[in-house]
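Notes to accompany the following structure.
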Amino acid sequence: MVEEVLRYDPPVQVTARAARDATEVAGVPVARGQAAVLLLAGANRDPAAYASPNSFDITRRPGVDHLAFSGGIHYCLGAPLARLELAAAFRALAQRLPTLRLAGAVRMQRSTAIHGPQSVPVAA
């Protein structure tokens, strides 16, 4: 469940990088030092990587790693702790409030840097 939540709606939706060397990406030349904006959330919905990518499915068995925590040398150092915290929170909610349900519209934060809910009204 944790991995699907992170894949489906990652906390960081977009990031930018500068090319260390001249290269080519999907046939497009990229000059050394040129900036590239990377849509991590879009990559996590790639139909070439995920079956039914726009469906939220907690039983999904990932075939490829999602990019919720970026990748390579930029991979988030806190990823293991974040996964542990999410799993503990979901487990505690399920055990302590088994009838918990959404009780209104989720309000999202207005930010392009960090994505997530501002408020989630619930009822038990």
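The values are calculated or read from the model by the stated rules, or taken from the named source; none is laboratory data. Predicted model, so just to flag it, every value in this text is computed and none were measured. A quick note on method: Cβ atoms are made from the backbone with ideal geometry, for glycine too, and the neighbour counts reach across all protein chains shown. Each accessible area value is taken on the protein alone, full model and side chains, heavy atoms only, with ligands, DNA and RNA left out. Shrake-Rupley method; radii C 1.70, N 1.55, O 1.52, S 1.80 Å.
Observations on the structure shown:
- Residue count for the range 36-66, restricted to those that are of a type in the set (A, V, I, L, M, F, W, C) and modelled with pLDDT of 95 or more: 1.
- Any hit, the range 66-76, residues being out of contact with any Gly (no Cβ under 8 Å at 6 or more places or on another chain), of a type in the set (A, V, I, L, M) and assigned to a helix (DSSP H, G or I): yes
- Applying the condition of being touching a residue at least 40 places away in the same chain (Cβ under 8 Å), of a type in the set (A, V, I, L, M, F, W, C) and touching a Phe, Trp or Tyr at 6+ places or on another chain (Cβ under 8 Å) to the range 17-73 and asking which residue is nearest to A113 (Cα to Cα) yields F69.
- If you go through the range 1-39 and keep only what is charged (D, E, K, R), open to solvent by 70 Å² or more (accessible area, probe 1.4 Å) and touching a Lys or Arg at 6+ places or on another chain (Cβ under 8 Å), you end up with R20, D21, R32.
- Top-ranked residue of the range 96-116 - restricted to ones that are in contact with a strand residue (DSSP E or B) (Cβ under 8 Å, 6 or more places away or on another chain) and not in a loop (DSSP other than H, G, I, E, B), ranked as modelled with the lowest pLDDT: M108
- Screening A68 on (1) under 18 Å from E3 (Cβ atoms); (2) loosely packed, with under 10 Cβ neighbours inside 10 Å shows it passes everything except condition (2).
- Neighbours by Cβ (under 9 Å, 6+ apart or cross-chain): first from the range 91-115, in contact (Cβ under 8 Å) with a residue 40 or more places away in the chain and within 26 Å of Q13 (Cα to Cα); second among the hydrophobic types (A, V, I, L, M, F, W, C) and open to solvent by less than 60 Å² (accessible area, probe 1.4 Å): T112/V14; A113/V12; A113/V14; I114/V12; H115/V12; H115/V14; H115/A41
- Residue count for the range 100-124 under the criterion of being hydroxyl-bearing (S, T, Y) and open to solvent by 90 Å² or more (accessible area, probe 1.4 Å): the result is 1.
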